[in-house]
Amino acid sequence: MTKKLYQTPKIWLNLKSCKIIYEAFSQKLKFSEPLPPFNDRFPGKLESILGSISQTYGGDYLYPSVLDAAAGYLFRLICEHPFYNGNKRVAILFTDIFLYINGLELLFPYQDLYILSTMIAKASEEKKYKESKLRALCKQILIDYTREITEV
């Protein structure tokens, strides 16, 4: 079991960190087409997703663990489309960096995670599965394919 996965995040994603991450890695995420500029997105959507993941109610986080938050970032960025293009690639990138800054390494191969993200997006769009099932799938992938980063 990976203890850090069940701890409260030490660092959350915010708009400034997402812009830095996006600009640092966007050239590496071209696949068949380039990502558009960071500011070329739907107004307020990314900010809403980021804010809701780190939101509290009555002093308790709505996404209380790194696992909950990472699954939330992955699922919501895939399905809520804050960008005009590249949402699945960005969801994977932001989730991976979020895990990393919280002491975890994502072991699921990027290409495979992209394929899975495409399936999640399509299933969500077509309402083939309940949202709770798709969120649970995101969580299970993170449980099965993360490990704590150890010092060398």
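Which of LYS88/LYS139; LYS3/LYS88; LYS28/LYS88; LYS4/LYS88; LYS4/LYS139; LYS19/LYS88 have a Cα-Cα distance over 19 Å? Write out the running numbers ahead of the final one.
On the way: LYS88/LYS139 16 Å; LYS3/LYS88 27 Å; LYS28/LYS88 14 Å; LYS4/LYS88 25 Å; LYS4/LYS139 14 Å; LYS19/LYS88 16 Å.
LYS3/LYS88; LYS4/LYS88, as the Cα separations exceed 19 Å there.
If you take all C-alpha pairs in the chain, what percent of them are over 24 Å apart?
Summing the P(r) tail past 24 Å for the chain gives 29 percent.
Take LYS19, LYS139, LYS88, LYS3 and order them by how many other Cβ atoms sit within 10 Å, fewest up front. Mind showing how you got there, number by number?
Working: LYS19 13, LYS139 19, LYS88 24, LYS3 9.
In order of increasing Cβ crowding within 10 Å: LYS3, LYS19, LYS139, LYS88.
To the nearest 500 deg cm²/dmol, what mean residue ellipticity at 222 nm is calculated for the chain from DSSP H runs of n ≥ 4 alone, each contributing -39,500 (n - 2.57), summed and divided by the residues?
Numbers: 6 runs with 80 residues, N = 152.
So the helix-based figure for the chain works out to -17000 deg cm²/dmol.
Over the residues of segment 1-88, compute the C-alpha Rg and express it relative to 2.2 N^0.38 Å.
On the way: Rg = 14.1 Å, N = 88, 2.2 N^0.38 = 12.1 Å.
The value comes to 1.17.
Note the full-extension length gain between ASP112 and THR2 as 0.36 nm times their separation in residues minus their Cα-Cα distance, in nm to one decimal.
Values: separation 110, 0.36 × 110 = 39.60 nm, distance 2.20 nm.
Using 0.36 nm per residue and subtracting the Cα-Cα distance, I get 37.4 nm.
Taken together, the values in this text are just the output of simple stated rules run on the coordinates, not laboratory data. From a predicted model like this one, the values you see are computed outputs, not experimental measurements. In this analysis, Cβ positions are derived from the backbone assuming ideal geometry, glycine residues included, and neighbour counts consider all displayed protein chains.
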